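The values are calculated or read from the model by the stated rules, or taken from the named source; none is laboratory data. Note that the structure is predicted; figures quoted are calculated from it, not measured. When we count neighbours, we look across all protein chains shown, and the Cβ atoms used for this are built from the backbone with ideal geometry, even at glycine. In case anyone asks, the SASA skips ligands and DNA or RNA and just uses the protein heavy atoms, side chains included. Shrake-Rupley method; radii C 1.70, N 1.55, O 1.52, S 1.80 Å.
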Amino acid sequence: MVSALALKTYALLLAVLAAPSAFALAEPHQSTPFVPTSNGRITAAFDVAQDKVDFFLEHPYQSASPGAQSRNFAYDTYPGVRVGTSGSWLSAVTPSLVEYVSGTGIVHVVRATLGLTIDEWDFAPMNLARCALFTIVKVTRTSGTGAVDVFSLDNYHLGSGAPSPGADGESIAWNATRDAFYEWGPSGVAFGYGAIGASSFHGSTPNNPYQRLVAGQDLANDSGTSSPTTDAVCGHQFSLSNIATNASAYAGWYSVLDAGADAQASVDAVRTFIASRAPDQVLSDEIAAWKSWSSAAPSGASVLESSLFATSQAMLRMAQVNAGDASDGQILAAVAPGQWNITWVRDMAYSTVALARTGHTAEAKRALAFELGAPLAGGAYQSYVGSPYQISVVRYYGGGAEWSDVDSNGPNVEFDGFGLFLWALEAYVDASNDKTSLTTWWPTVQPKIADVLASLQETSGLIAADSSIWEVHWNGNQKHFAYTTAAAARGLCAAAHLATKLGDTADASKYLAAGQRARDAILGLRAADGTIAQATESLGAGTAWLDAAAIEAVSFGLVDPKKHTAKATLASIQSGLVPPSGRGFMRNQGGGVYDSAEWIFVDMRVGRALEASGQAQPSADLFSWNVAQASDNFGILSELHDRVTADYTGAAPMVGFGAGAYVLSLLDRGAPIVPSCDAFAAEPDEPSDAGPDAMTPDAGSMQDASNSDAGSAPSSGGCMIGDGSPSWLLFLAFFLMRCGGGTSTSDAGTGTDASTNGDAPTDAPVIDVDGGACETTFVYTPPSGTSATTVSVAGEWNAFSSPGVAMTNDNGTFTAKVPLAPGWYAYKLIVDGTWQLDPLSTTRKYAGAIENSGVTVSDCYLPSLALASQAITLGHYAAHVSFVPGAAQTQLDPSSITTTLRKDFSDTPKASSLDIDLAGLANGKYTLFVNAKDRLGRTAEPLRLVFWIEDDAFDWRDSLIYMAVTDRLKNGDPKNDVGPTSSVDARADFHNGDLAGVQQVIESGSLDQLGIRTLWLTPFNTNPKGAYLDSDGVDLVTGYHGYWPIKGREVDPRLGGAAALQGVVKSAHAHGMRVLMDFVVHHVHQDHEYLAAHPDWFHEGCICGTNNCDWDSHRLDCVFTNYLPNIDWTVPDASQQMQSDAVWWFDTFDLDGFRVDAVKQVPDAAVMNIGTAVRREFEKSGTRVFMTGETAMGWSDCDLSCNKWQYDLISHSIGPWTLDGQFDFPLYYAVPMQVSRATHTG
Amino acid sequence: MIHADYWSQASGWEYPNGSIMSPYIGSQDTPRFVTITSSPSTAGNKWTNIAGPPTTSEPYARLRAAMSWLLGQPGAPMIYYGDEYGEWGGADPNNRASWRGDSSSLSADEQTTLALVRKLGQARKNIVALRRGAYVHVFANEMVVVFARVTSAGDVALVAVNRTSSSQLAAFSLPPSLGIADGTTLTDALGGASAKLVGQTVTLTLAPWGQAILAP
């Protein structure tokens, strides 16, 4: 294999050469970030960007059970070499080659330094039933002299946390008998690090091997740590003495994980496995074992094709869990760190067939046995499926539990898995002739798979609407997919074949007839030109009905590849689904980023059909493109290629949809497609001169299809994004909202439409969630003095159906983990039968008109940044920021780090480091922004650290507040003056005070003389021109006061606009003064831009204070006057707009707090949602945003009890996520009003 | 001032722990303090028959007493623009006159008021207990209130206000919890006479509508 670096150069050269052409095709190039190795118990990976192993996942799968996250314990581990006294760790030496040893899962890395060539091999031994990673190093001298030593460094993090444990509380101890270190920590697991062959020295914290080698020293033969310490590391040293030029020597070591707290048993098992073998023997034995397992490529395959065939087999093997427990046998859709290291039924079927057909029948059998043995108990989605079943409707947790992914559109329930399982079972039985297992399994297979599938067949022959291959969820998104029916036809005919083998001719006939009906029904899904459409409903909607997955009707041997339907379908795919890269095919026309990437699975399956239909050259081109890409990427096939650059995106290495699909394509190449149901669906023969004119529409079939399905509910069909992938759309909507970009108002709860999606930036990150729900934890503790027996949680994701997800009682605290796609959901707890709000929730979301708790689910596949520590002193800010990988556990790309310091609206770039150290800071307010990405380019939400440098730390109790009506304080800028408004009393008209005037007052020092620390100004939003009637109905008033907003995000030009407000804030901050914005959340003026665009965000009502409309009992529904409609906080879109506006004002003007207007007149959702939105973004460094409010109450001159409700209503809106305090209305009436009067004697 | 003392404490009892309330003596929705005092019957009028400016000094003296109470309160007290010198005006829109705080034409009463409010503000800025301390009842009768703000024993400020038109002699003992030793001299942050704790008792003379902020 060519070196990775050479490949990069090659790709760059091609890109330059190709640039002038408008039709330039993307060229093969290296872009996959990790080269993993696995023995089915753990998965480790060599990081191509970091030149070292920094991934060691405790299980191959992502999640053993709901809520569990497999942990990556490796911070990093790598070899070093020393010649004489010159030492170098090899993580600092760029490899000249990274590859898999052909036909194996052994990673091979070659580097040169210090006159040596160093070969490194990393692998998890396949025949060692332990969680071990072996590293063998071979040193060959090319020049020079001097004694050679090889070093190992093991830096595993065994502290607390998941999926990336910290380095806290680690202990290391040396065991001389076994030439091994043991390490343990708060993670609860232990590691052993031992030598293969005897080591010469060993070292550990406190004498960190890293520094010892750098200093040219020997390791210090440490005995370990004396007490738990942060970030303990260790290593071995192997003295190879003086190697002659062109001579070689070996060293080796291992790390082994033990799930218990003591590594010794695992260390002993590894030592037994190694026995007396030298490192080179261990390596050659491992290579030999792999090669004896691997099957040869079919004849006619090229060298590159054969190599990829071998690596693909290895990938299938490494993706299979081999743990000797309930997880055993399952095949993951991707090998970690690829994010889909989860077992999908569909992907696993393609893998199982590929294994069976390459002669790996033992592995195929274990895969089938896993599914037949999985603890489904009839399945959790029987209400959808209609009867007990044994194949998960989507995928499995590591432990074998069924795992759908549920979002606001309901669960994914996929019926294609039943057919695909039967197809895989047939492939296994055909390859193995294992009738014994078939006989054993049939009593489960028949009732719980084959008969279940038959029962899902409708009278049209189509399988009932489902979520299918692209996982469209439910709640009206389910469709009658061609793919599902094709899989069913293939599977039912396989079942007929298997029943025949068992001598059950009656059932064989039944399944064959059902399979043939399904086969023939596919012809009813054709569009006018003969193309097989995605689904009945998509075709009916008339848009975005083209779906590459429909080609499986051809590949599965149902539709004749030589006849019109196959050719029309291929022609539509070839004309309609080519991405801008010019390479391969997209999955459908939905327009979403996931829809529009190139899919390797689609390439392989379409390529197969193209060849069989007679298009040999396009098929060969497609195939060689993918082989070339994989060859440049270490033999790894990806889930996706970027639609423009063809960079690897999605998950890699992809298995069923990558390696498995490739293996099947190569095996099938050159062979005709044979009918799987005795014959192809009946079509007329193609004329020999078939051309476009010959493609007559098959109107009869169309008619049949629509008639046959007349009873099914219409679907939003073509308005969805092709597959309707709602979880992705939710993510997009959420992302736009969070970034505050534009005025995106997509309701995260309902997805969005195709046109909105089409407006998404084409350079949006492709790495994304597709059905990737994120475990969301709900916790409920009954109030003290009470208890609960049964608690569950239900929400928009399951249409509030009771009881929803049961919460587990652990010593009185109830917990549930619910998988949810990113978005904002309404939900409630059901406590012993009573629906109630979640006391821990910090937002409220209405569903219909009903108030619920709200939960915001972030995209767990994105990494995040967290403030780990911080120190603020005069002139100095220091902080450490942690990078927390996403669920796919992709590590930090250090080159992506940027930090930017903002002060007074001016940005200064700072060091590219997560260790922040800013000195020489003048007093004032600062915001530091930290940005980073992981190695797949997933961007963490920027971390915003707001802090003040000042002589005395500020506390909001220090804030004597000065309130000014800006129009009445001072006219600082005559340019924005306006003349008198006709017919308006001057007292109620503009006085031309402005923000420039406020700034001048601040700078004059008058407020400092008063001891003012906080400034509250009337609202900034632009108010209407002209005058409106006062509450007396007679006199006219203008919007000089600011409480009649007509713009969401504009500073009134009469106040001086945005620049003037920034001037106020800048001067205030220079005087140590905080600025509060007056935020009107109750109403808008009738001229408001939002009212015109979204009339449904507002409501009318009776006028507060009029007959039968008092201020108290109608406080939430009365309007102040007829030209001030109320914001309807029950509308989620309106709520989200107000939240994002609040964040926008804070961000744009560096504000310090809010005074919320008319708190008494708005539902809890208003204050909670705004408070949460702002606090979540601006309080990450602990600088408190001050929120005070106006719950205008009275006071009665009687005892405390008769004023109780006044106090209680004011107190109601005060809390950690809501208001810090409020104006003390009762106290105003009780004291100053009395002191003002001579007569009161109190 | 038993009443004022009681309702100040009530705020401490009734609102959630840790809340930062904002007491105030006037806002954009209330008539100006001096107008409520000078023209109680017309202060609420909006468009016609509106209240004019005070014609005596007493409303300003009462305002200074109220400001002394306000700037001694816990929380984040709010000063409505213009109240620092005694802007006048009845109900909205009369309570929103253009600010004259930087004008050379403030009346003598307004200048006196501004000078006192500045002293109160500086006292609050300089004495931590006055900003962050808990409210502790010390003494109240019909005429006078004395309350303490206490952050910790010895870290204390006393606020004394006379709401009457005559001088008041107040003699009161200090709760031992304040941690002030007998013989300690208490200095008035407003520049008035200092006082001394003798036999755990402070004797204080407050001028008509007068005030003191005493701290060790």
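Remarks
- Solvent-accessible surface (1.4 Å probe) assigned to residue A:624 amounts to roughly 60 Å².
- At least 40 Å² accessible surface lost relative to isolated chain, residues of the stretch B:83-113 (1.4 Å probe): B:93, B:96, B:98, B:99
- In this label model, residue B:151 and residue A:475 are separated by 5.3 nm, measuring between points 7 Å along each Cα→Cβ vector.
- A simple packing score, the average count of other Cβ atoms within 10 Å per residue, orders the peptides B:205-211, A:908-914 as B:205-211, A:908-914, with the highest score first.
- Relative contact order for the stretch A:586-668: 28 percent, from Cα pairs under 8 Å spaced at least 6 residues apart, divided by residue count.
- Normalised per residue, the accessible area of chain A is 33 Å², obtained with a 1.4 Å probe and no contribution from ligands, DNA or RNA.
- When A:975, A:138, A:562 are compared by accessible surface with a 1.4 Å probe, the order from highest to lowest is A:975, A:562, A:138.
- Taking all protein chains together, A:1172, A:1121, B:201 sort by accessible area into B:201, A:1121, A:1172, largest first [probe 1.4 Å].
- To the nearest 10, the accessible area of residue A:957 is 90 Å² with a 1.4 Å probe.
- Euclidean distance between Cα centres, the stretch B:1-57 to the stretch A:102-163, Å: 79
- Using C-alpha pairs under 8 Å with a sequence gap of at least 6, the mean separation divided by the residue count of chain A gives a relative contact order of 7 percent.
- Sequence-distant lysines (8 or more away, or on other chains) whose Cα lies within less than 26 Å of residue A:925: A:903, A:910, A:970, A:1066, A:1180, B:125
- Here the Debye sum runs over all C-alpha atoms of chain A as equal scatterers in vacuum, and log10 of I(q)/I(0) at q = 0.05, 0.08 Å⁻¹ comes out as -0.42, -1.00.
- Computing FRET efficiency as 1/(1 + (r/R0)^6) for residue A:837 and residue B:193, where r is the C-beta to C-beta distance and R0 is 56 Å, gives about 0.45.
- Helix A:726-739 axis versus longest C-alpha principal axis of chain A: approximately 40°, rounded to the nearest ten.
- Each peptide in A:470-480, B:179-189 receives the mean, over its residues, of other Cβ atoms within 10 Å, and ordering these scores from highest gives A:470-480, B:179-189.
- Placing a label point 7 Å from the Cα of residue B:171 along the Cα-to-Cβ direction, the residues of the stretch B:190-208 with a backbone N closer than 13 Å are B:198-205.
- Extending 7 Å from Cα along the Cβ direction at residue A:868 and again at residue B:181 yields two label points whose distance is 4.9 nm.
- Percent carbon-and-sulfur accessible area, chain A, ignoring ligands, DNA and RNA, probe 1.4 Å: 53
- Residue-averaged 222 nm ellipticity for chain A, from DSSP H runs of 4+ at -39500 (n - 2.57), nearest 500: -8500 deg cm²/dmol
- Cα-only radius of gyration and Dmax that characterise chain B, units Å: 17.7, 58
- Each Cα pair under 8 Å and six or more residues apart adds its sequence gap; the mean of these over the residue count of the stretch B:100-216 is a relative contact order of 23 percent.
- Remark: the residue A:1049-residue A:950 segment gains 32.6 nm on full extension, using 0.36 nm per residue and subtracting the alpha carbon distance.
- With the highest mean first, a sort of the peptides B:95-104, A:599-608, A:785-794 on other beta-carbon atoms found within 10 angstrom per residue produces A:599-608, B:95-104, A:785-794.
- Computed from the C-beta positions of residue A:248 and residue A:272, the FRET efficiency with R₀ = 25 Å rounds to 0.35.
- Note on chain B: helix-only mean residue ellipticity at 222 nm, from DSSP H runs of 4+ residues weighted -39500 (n - 2.57) and normalised by residue number, equals -8000 deg cm²/dmol.
- Accessible area that becomes buried as A packs against B, both chains, 1.4 Å probe, Å², nearest 100: 5800
- Panel note: contact residues of the stretch B:22-40 (accessible area lowered by at least 50 Å² against the chain on its own; 1.4 Å probe) correspond to B:22, B:24, B:28, B:36.
- Ratio Rg/Rh [Cα only; Rh per Kirkwood] for the stretch A:1022-1082: 1.07
- Counting only DSSP beta bridges whose two residues both lie in the protein assembly as shown, roughly 90 percent are antiparallel.
- Residues of the stretch A:569-585 with amide N under 20 Å of a point placed 7 Å along Cα→Cβ from residue A:25: A:570-585
- Gained length - residue A:784 relative to residue A:177, 0.36 nm times residue gap less alpha-carbon distance: 213.0 nm
- D (Stokes-Einstein, µm²/s), Kirkwood Cα radius, the stretch A:243-379, 1.306 mPa s at 10 °C: 89
- Degrees between helix B:2-14 axis and first principal axis of chain B (Cα, 0 to 90, nearest 10): 80
- The orientation-averaged projection of the convex hull spanning the C-alpha atoms of the stretch A:974-1025 amounts to 4.8 square nanometres.
- Against chain A, whose longest principal axis is taken from its Cα atoms, helix A:600-613 shows a tilt of about 50°.
- Residue-wise HN-Hα coupling along the stretch A:26-41, computed from phi with Karplus coefficients 6.51, -1.76, 1.60 (Hz; x: Gly, Pro): 4, 10, x, 6, 7, 8, 7, x, 10, 10, x, 9, 8, 10, x, 10
- When both the stretch A:1045-1066 and the stretch A:871-894 are represented by their alpha-carbon centers, they are found 34 Å apart.
- Extension gain from residue A:284 to residue A:303, taking 0.36 nm per residue of separation minus the Cα-Cα distance: 4.6 nm
- Per-residue shielding of B:1-10, expressed as the average number of other chain Cβ atoms within 10 Å of the residue Cβ, stands at 6.
- Normalised per residue, the accessible area of the stretch B:67-216 is 34 Å², obtained with a 1.4 Å probe and no contribution from ligands, DNA or RNA.
- The mean count of C-beta atoms from other chains within 10 Å of the C-beta of residues in A:1007-1017, rounded to a whole number, is 6.
- Spin-label pair residue A:1025-residue A:1148: with each label point 7 Å from Cα along the Cα-Cβ axis, the two points sit 2.1 nm from one another.
- At R0 = 25 Å, FRET efficiency that the Cβ-Cβ distance of residue A:674 and residue A:620 yields, to 0.05: 0.70
- Set of lysines near residue A:448 by C-alpha distance (under 23 Å), chain-local residues within fewer than 8 positions excluded: A:365, A:435, A:479, A:501, A:510
- Estimated D of the stretch A:441-563 in µm² per second, where Rh is the Kirkwood radius over Cα pairs and Stokes-Einstein applies at 10 °C, 1.306 mPa s: 108
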